Amino acid sequence: MLRLIENKDFFDWLQLRHALWPYHPLQELEQEAKKIYATIEKHPVFFAENQNGEITGFIELSIHEIAPGCTIEKVGFIEAWYVKPEYRKSGIGRVLIENGEHWAISKGCKEVASDADPHFPLSPVAYASLGYTEVIMSHNHMMNHANKKYYIKQLAAHQDATLAQFSIVNITNDLALRKTTENDAVLIQVLMTKYWGGEPLIVNGEKYYPSKLQGLLLNQGDKVQGMLFYIRRGAVCEIIVFEVFNKFTGLGTIMLNKFIQLIKSQQYTKIQVMTTNDNLDALRFYQRRGFIIRGVRLNILENSRKMKSTIPELGDYNIPLRDEIELELVIG
C-alpha cells in the first residue's frame, strides 16, 4: 500500500533518509526534511507500507522548471527513492516509481527525471529497467552538475491503458461514457467551478487539477451528465472527482459500475475515494456499493483552506466542513 507521509512518520522518514544517504550528517538530513515537510504540497513524500503497517520504502517528488536532457519546461523530479534491503526485488521500487510518474502526470508534466551520484552504482541498471534513459552530458555540463548522472523518461506514452483502449463506450442507446481529451479542458474547468468551487481540488494536502487528469465524461445525448477523474498509485486507483449532476437517477451507479468494469483488467486491486464529513449522500452511496471507511483525517480542512481560501466553513445540510473521509473498495 502507498500513502502520503503524515506528521507521525517524521522520525521513520528521517531514518530512511539516513539509510539512503549514510555519508550525510543526520542533523543535515533532518534540517532538509523539515524544509521539505513545510512545503509538502509541492514536495510530496510517499511511503510503501506492508500489511503489518511497516514502512518498506519511500519516494520524494517535486517539480523542476527544467532538468538536464529534458526538452519541456515543468519536469516531474524524483528527489529520493529507497527500498529497505530486505524488501528489494519484490516490485516495491517499481510501484514507488510508477506512483511518482502518475503524480507528475497529474501535475501536467510530460517528462520525469532523476539523478544519482557515484555512491549508487546500481542506479543505471535500476532506472534502465523502468524505461529511463541516461543523459549523455558534455564535460562542461558534467562539471556544473558535480559528476551526477541524470535519467529521464517521456510520460506522453505513459497514459493508463484503461483509457487508452477506447474513446467511447456505449451503455444504452442514448448513454455513453467517453474518454476526456485536451479539447475538454475548458468544459471541465467550467464544470469544476459550477459543482466543486473551481480548480484546484485539495485532497489530503495535495492540489489536483482535474482538467489535466485522465478522466471520463458521461454523455446522455448531447448533454454531459457526469464526470470522473482519477490517478493511479501503483495498484490503487484513486478517484479524485466523481460527480453526477442529476442525483438519485441511477446514473451514478451506472457510471461507477462501468468504470470498475473497465479498470479490473488493468491490474488494479483497490479503488480509493475521498469525501468530506458533511457529504452524507456520498457516504451512503459508496457504502451501499461495497466501499468501507478506510480512515478519517480530522480537521484537515483547516489546512486545506490555507491552500484554497474559497472552501466554505459549512457544507451539505449546514454541517461544519472539517474532515476528510477515505473509502476503499477491493476489486482484485
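Determine whether region 180-191 contains at least one residue that is part of a loop (DSSP other than H, G, I, E, B) and among the β-branched types (Val, Ile, Thr). Yes, because at least one residue in region 180-191 is part of a loop (DSSP other than H, G, I, E, B) and among the β-branched types (Val, Ile, Thr).
Among the residues of region 214-266, those that are at positive phi and free of Cβ contacts under 8 Å to residues at least 24 places away in the same chain comprise Phe248, Gly250. Of all residue pairs spaced 6 or more apart or on separate chains, those with beta-carbon atoms under 7 Å, a first member in region 34-56 that is at negative phi and a second member that is of a type in the set (Ser, Thr, Tyr) and surrounded by 11 or more Cβ atoms within 10 Å (Cβ to Cβ) are Lys42/Ser62; His43/Ser62; Ala48/Thr56; Glu49/Thr56; Asn50/Thr56; Thr56/Tyr87.
Any residue in region 202-212 that is of a type in the set (Gly, Ala, Ser), touching a strand residue (DSSP E or B) at 6+ places or on another chain (Cβ under 8 Å), in a loop (DSSP other than H, G, I, E, B) and surrounded by 19 or more Cβ atoms within 10 Å (Cβ to Cβ)? Checked against the condition, which is being of a type in the set (Gly, Ala, Ser), touching a strand residue (DSSP E or B) at 6+ places or on another chain (Cβ under 8 Å), in a loop (DSSP other than H, G, I, E, B) and surrounded by 19 or more Cβ atoms within 10 Å (Cβ to Cβ), region 202-212 yields no hits at all.
Of Ser114, Ser106, Ser90, Ser62, all but one fail to be in contact (Cβ under 8 Å) with a residue 60 or more places away in the chain and among the small types (Gly, Ala, Ser); the exception is Ser106. Here Gly69 fits the description: more than 23 Å from Val83 (Cβ to Cβ) and either in contact (Cβ under 8 Å) with a residue 60 or more places away in the chain or touching a helix residue (DSSP H, G or I) at 6+ places or on another chain (Cβ under 8 Å) (or both). Within region 290-311, the only residue that satisfies the criterion of being at pLDDT below 95, over 22 Å from the mean Cα position of the chain (by Cα) and either closer than 27 Å to Gly252 by Cα or in the same structural domain as Asn7 (by TED's automatic domain parsing) (or both) is Thr310. Within region 212-257, being of a type in the set (Gly, Ala, Ser), closer than 20 Å to Leu175 by Cβ and out of contact with any Phe, Trp or Tyr (no Cβ under 6 Å at 6 or more places or on another chain) holds for Gly221, Gly226, Gly250, Gly252.
Quick grid of which residues meet (1) surrounded by 18 or more Cβ atoms within 10 Å (Cβ to Cβ); (2) touching a His at 6+ places or on another chain (Cβ under 6 Å); (3) closer than 25 Å to Leu280 by Cβ:
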position: Thr180; (1), (2), (3): yes, no, no
position: Asn183; (1), (2), (3): no, no, no
position: Gly198; (1), (2), (3): no, no, yes
position: Gln214; (1), (2), (3): yes, no, no
position: Leu218; (1), (2), (3): yes, no, yes
position: Arg233; (1), (2), (3): yes, no, no
position: Lys247; (1), (2), (3): no, no, yes
position: Met255; (1), (2), (3): yes, no, yes
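The residues of region 5-28 that are of a type in the set (A, V, I, L, M) and either surrounded by fewer than 16 Cβ atoms within 10 Å (Cβ to Cβ) or modelled with pLDDT of 95 or more (or both), listed by number, are Leu14, Leu16, Ala19, Leu26.
The values are calculated or read from the model by the stated rules, or taken from the named source; none is laboratory data. Computed from a predicted structure; not experimentally measured. Glycine also receives a Cβ, built like all others from the backbone with ideal geometry; neighbour counts cover every protein chain displayed.
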